[in-house]
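See below for the structure under consideration.
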């Protein structure tokens, strides 16, 4: 029996070595995957405050004659938290959670109070940054709803709304940059009737200019136009929902926090024969808050 013992021991040792090697390879692979996930995963936030009204900045509870909140009242803060995975140099996969907060009274049509924090539809898609030349660059992306949690869009039967917020920038010189913001979305519903009757797209275009006044500090202003699909016409028929303009100073404090306070004025669409009236009655104080969490 002894002559069989050495081959058996050698076989057992080889098997053990093979098993250890496989186990080590699996562990190394898992560590490699985890390291890659950790290295390429990041999280950021963006918030936009709308209000208070410029004429009454300390009053967030003003109601008009019809018992509705007046311009800039209550203050609202739209929030987005983004989980991002770097796929290539220019492209990230993103999942964006969203919610909105209101500071002050909100009443429904019956005069009853409405809760001041609302969950919004989360979206998922791709964020893209690309530098075409030393002067011309683009950032933005494409996403669509991940889940339909909003009451209004649930009632509409919304199933997808591909689109996103795009920024095109041209660096004129070391101080001045011009460009345009474009926010566009298509809307798809759960049946043919709704697709033929309800709004199929929306579009906001806002040329802007910014001037560097210090490191990571920019004076920035814009003029925007807001369009909706005209459901009474063809798919390409549009109606102007209004216009807006703003001016403020963007402070990029560090990678974790930046703030862009501004004064914004808005006015309804007018035909060529109408007078456009712009006053502080429609002006609000707004701000962006943004940064990287990790």
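Observations on the structure shown:
- In the range 230-257, the residues that are assigned to a strand (DSSP E or B) and either closer than 30 Å to residue 197 by Cβ or in contact with a helix residue (DSSP H, G or I) (Cβ under 8 Å, 6 or more places away or on another chain) (or both): 238, 239, 240, 241, 242, 243, 244
- Residue match in the range 270-283 (condition: surrounded by fewer than 17 Cβ atoms within 10 Å (Cβ to Cβ) and either modelled with pLDDT of 95 or more or in a strand (DSSP E or B) (or both)): no
- Scope the range 39-58; condition surrounded by 10 or more Cβ atoms within 10 Å (Cβ to Cβ) and either in a helix (DSSP H, G or I) or at pLDDT below 85 (or both); matching residues: 40, 51, 52, 53, 54, 55, 56, 57
- Residues of the range 216-229 that are part of a strand (DSSP E or B) and more than 19 Å from residue 181 (Cβ to Cβ): 217, 229.
- Test: residue 244 is farther than 24 Å from residue 281 by Cβ and surrounded by 14 or more Cβ atoms within 10 Å (Cβ to Cβ): no
- Selected residue (only one of 144, 177 is modelled with pLDDT of 95 or more, farther than 25 Å from residue 97 by Cβ, in contact with a strand residue (DSSP E or B) (Cβ under 6 Å, 6 or more places away or on another chain) and surrounded by 15 or more Cβ atoms within 10 Å (Cβ to Cβ)): 177
- Looking across the range 247-269 at every residue that is more than 20 Å from residue 53 (Cα to Cα) and loosely packed, with under 15 Cβ neighbours inside 10 Å, the one that is modelled with the lowest pLDDT is identified as 269.
- Selection within the range 79-93 - touching a residue at least 40 places away in the same chain (Cβ under 8 Å) and either under 30 Å from residue 113 (Cα atoms) or out of contact with any strand residue (DSSP E or B) (no Cβ under 8 Å at 6 or more places or on another chain) (or both): 81
The values are calculated or read from the model by the stated rules, or taken from the named source; none is laboratory data. Model, not experiment: these values are computed from the prediction. We place every Cβ from the backbone using ideal geometry, glycine too, and count neighbours over all the protein chains shown.
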